[in-house]
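First up is the structure itself, then whatever we jot down about it.
Taken together, the values in this text are just the output of simple stated rules run on the coordinates, not laboratory data. Predicted model only: the values in this text are computed from it and were never measured. Positions of Cβ are backbone-derived with ideal geometry, glycine not excepted, and every protein chain shown enters the neighbour counts.
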Amino acid sequence: MKNSNSIFKNTKNLVLLGVLAALGAILMFIEIPYPPVPFLKFDLSELVVLLTVEIFGLWPAILLAAIKSLVHVMIMGLTTPYGIGVITAFIASTTIACLYVLVKKYIDGASFMKKALRFFLVIAGFSAVLTICNYFFITPIYFGNFWFTQIREWTTLSSFIPGLSFDLGYGAAIAFVYIPFNALKGLLVLTVYEIIAPRLTSALKKIK
């Protein structure tokens, strides 16, 4: 495990962390709409968080997630009620970083089966955590309230996707919308990370 204190005492490391945080903030601006629910968007800023995990460890990666979120707020302001959008981004980055570290600790190795199992566990955990958070407080805050009990009576699937020929209650709607969205986001982030990580992390470690 990397020593966080020694990381922050090294000027090169601090500069590299700053560059990675800036890159993460930039990637937050590059958003891809999720067609079924247009107000949901993908971004790839978690890539930088995973790179930071690989180079520096978990705690610096969580710090970087906080910094990139703060930079985004400083530039864009609070674009959602009570800043829930940027709070969600921080939760997503922290969740995928923690899951990546935890799963890799117990399932390491370069074989296809081990990589596939890591993918599945991280994506399943990521989707579960974010969907639960959306059920209890993220979606309620986005709709102008604070807790799920304030909106579950009137929020249905048509609140997310107008014009459907069928409808679902609050809990089923949350699952229907967010499980595939978060699973797809996790798959996208991990796939791109697996493609770019080997060479990029090797190059960045040489700069340390």
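Of note:
- Computed over the Cα atoms of the chain, pair by distinct pair, the Kirkwood hydrodynamic radius stands at 18.1 angstrom.
- The aspartates and glutamates whose alpha-carbon is closer than 17 Å to the alpha-carbon of LYS114, local same-chain residues fewer than 8 away aside, are GLU194.
- Cα long-axis angle, helix 84-106 against the chain (0 to 90 degrees, to the nearest 10): 50
- Estimated FRET transfer efficiency (LEU184, ASN10; beta-carbon r; R0 30 Å; 0.05): 0.20
- Inter-probe distance in nm under a simple model that places probes 7 Å from Cα toward Cβ, at LYS114 and MET76: 3.7
- Extension gain for ARG199 to SER159 (0.36 nm times residue separation, less C-alpha to C-alpha distance): 10.0 nm.
- Take the Cα of GLU31, step 7 Å toward its Cβ, do the same at VAL19, and the gap between the two points is 2.9 nm.
- Violating pairs (Cα-Cα greater than 20 angstrom) within the set LYS41/LYS185; LYS68/LYS185; LYS12/LYS115; LYS41/LYS115: LYS12/LYS115; LYS41/LYS115
- Residue among LEU168, LEU17, LEU99 with the largest mean-square fluctuation in a Gaussian network model of the chain, springs linking Cα atoms under 10 Å: LEU168
- Measuring r between the beta carbons of PHE39 and THR191 and using R0 = 22 Å, the FRET efficiency lands at 0.35.
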